[in-house]
Amino acid sequence: MKLKIYQVDAFADQPFEGNPAAVCPLDTWLDDETLQAIAGENNLSETAYIVPAKKGYHIRWFTPTTEVELCGHATLASAFILFSELRFKGEKLVFDSLSGELVVTKEGELFTMDFPAMIPKRCDISPVLVETLGSWPLEVLSADDYIAVYEREEDILEINPDLFRMTQLDRRGVIVTAPGKRSDFVSRFFAPKYGINEDPVTGSAHCELAPYWAGRLKKDKLTARQLSARGGELLCELSGERVLLSGSAVKYMEGEVYI
């Protein structure tokens, strides 16, 4: 069997920036073991699979080790491939996913994803989390991930976490965040439990970060930068119980998978 596959740098306007994702369009679903094996072989933070559906497309996301319920950058990458390579002609894309219906629109080179907001709640600062991060945050919140809030952008850049200890925590991963110098806020995201030591740019993490920073800064439209080695920029807008995440993407590679 021969399958088409693309690699896209999401939340980037040129190659070698943002977060790389593989996108594999399918006519029908393969078995889960094969989907996971392809994602493991790709060894990217996410591989997205898309299959035509009545309203649009079904979408699923796999890390090198497991399936996840929501992935922003691989959704953006999938929308980019559908619009630019597969010549989708509609005004908006509708994806059916494990996180419900996700809508993506395109304006110029900018893609906007309509995702569910995840409101983080304040929690106690765990000594284990402090030992994992190597420094004491100002406050900690939790949703799908722990969110450790720091005072300065420099604090985020200096963090060198104990990734093995982090796998023992009871959340998907850990987000560290602080006010930004050239953006409203900055962040980094670690998810070693899911085979991702540090994710370059994480859309789903901003579904948690946007509600927090919107409340703290008293504004619904926010600029964000993820301070990974590759780096990436996002526009975030809190709209009721939804978060609108916007960014651009570029194609890095296309090829074929033989299985």
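The values are calculated or read from the model by the stated rules, or taken from the named source; none is laboratory data. For clarity, every value in this text was computed on a predicted model and none was experimentally measured. Please note: Cβ atoms are built from the backbone with ideal geometry, for glycine as well, and neighbour counts cover all protein chains shown.
Some values worked out for this structure:
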| read-out | value |
| --- | --- |
| Hits in the range 175-198 (condition: closer than 18 Å to residue 42 by Cβ and surrounded by 23 or more Cβ atoms within 10 Å (Cβ to Cβ)) | 191 |
| Failed item, numbered, when residue 132 is tested on (1) buried (at least 22 other Cβ atoms within 10 Å of the Cβ); (2) touching a strand residue (DSSP E or B) at 6+ places or on another chain (Cβ under 6 Å) | (2) |
| Filter result for the condition that a residue is under 20 Å from residue 19 (Cα atoms), without any contact (Cβ under 8 Å) to a residue 60 or more places away in the chain and out of contact with any helix residue (DSSP H, G or I) (no Cβ under 7 Å at 6 or more places or on another chain), over 223, 177 | 223 |
| Set 132, 75, 63, 112: member being more than 14 Å from the chain's Cα centre (by Cα) and of a type in the set (S, T, N, Q) | 132 |
| Single residue of the range 118-129 satisfying the filter (buried (at least 18 other Cβ atoms within 10 Å of the Cβ) and in contact (Cβ under 8 Å) with a residue 60 or more places away in the chain) that is nearest to the chain's Cα centre (by Cα) | 118 |
| Selection from the range 72-112 of residues that are touching a residue at least 40 places away in the same chain (Cβ under 8 Å), touching a helix residue (DSSP H, G or I) at 6+ places or on another chain (Cβ under 6 Å) and more than 15 Å from residue 58 (Cα to Cα) | 73, 111 |
| Candidates 118, 113 - the one that is assigned to a loop (DSSP other than H, G, I, E, B), on the phi < 0 side of the Ramachandran plot and at pLDDT 95 or above | 118 |
| Of the criteria (1) more than 14 Å from residue 176 (Cβ to Cβ); (2) among the hydrophobic types (A, V, I, L, M, F, W, C); (3) assigned by TED's automatic domain parsing to the domain that holds residue 181, which one residue 95 fails | (3) |
| Top-ranked residue of the range 1-48 - restricted to ones that are acidic (Asp, Glu) and under 11 Å from residue 74 (Cα atoms), ranked as nearest to the chain's Cα centre (by Cα) | 46 |
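The rows are residues; the columns are (1) buried (at least 18 other Cβ atoms within 10 Å of the Cβ); (2) more than 20 Å from residue 199 (Cβ to Cβ); (3) touching a Cys at 6+ places or on another chain (Cβ under 7 Å); (4) among the hydrophobic types (A, V, I, L, M, F, W, C).
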site: 215; (1), (2), (3), (4): no, yes, no, no
site: 221; (1), (2), (3), (4): no, yes, no, no
site: 224; (1), (2), (3), (4): yes, no, yes, yes
site: 237; (1), (2), (3), (4): no, yes, no, no
site: 240; (1), (2), (3), (4): no, yes, no, no
site: 248; (1), (2), (3), (4): yes, no, no, no
site: 253; (1), (2), (3), (4): no, no, no, yes
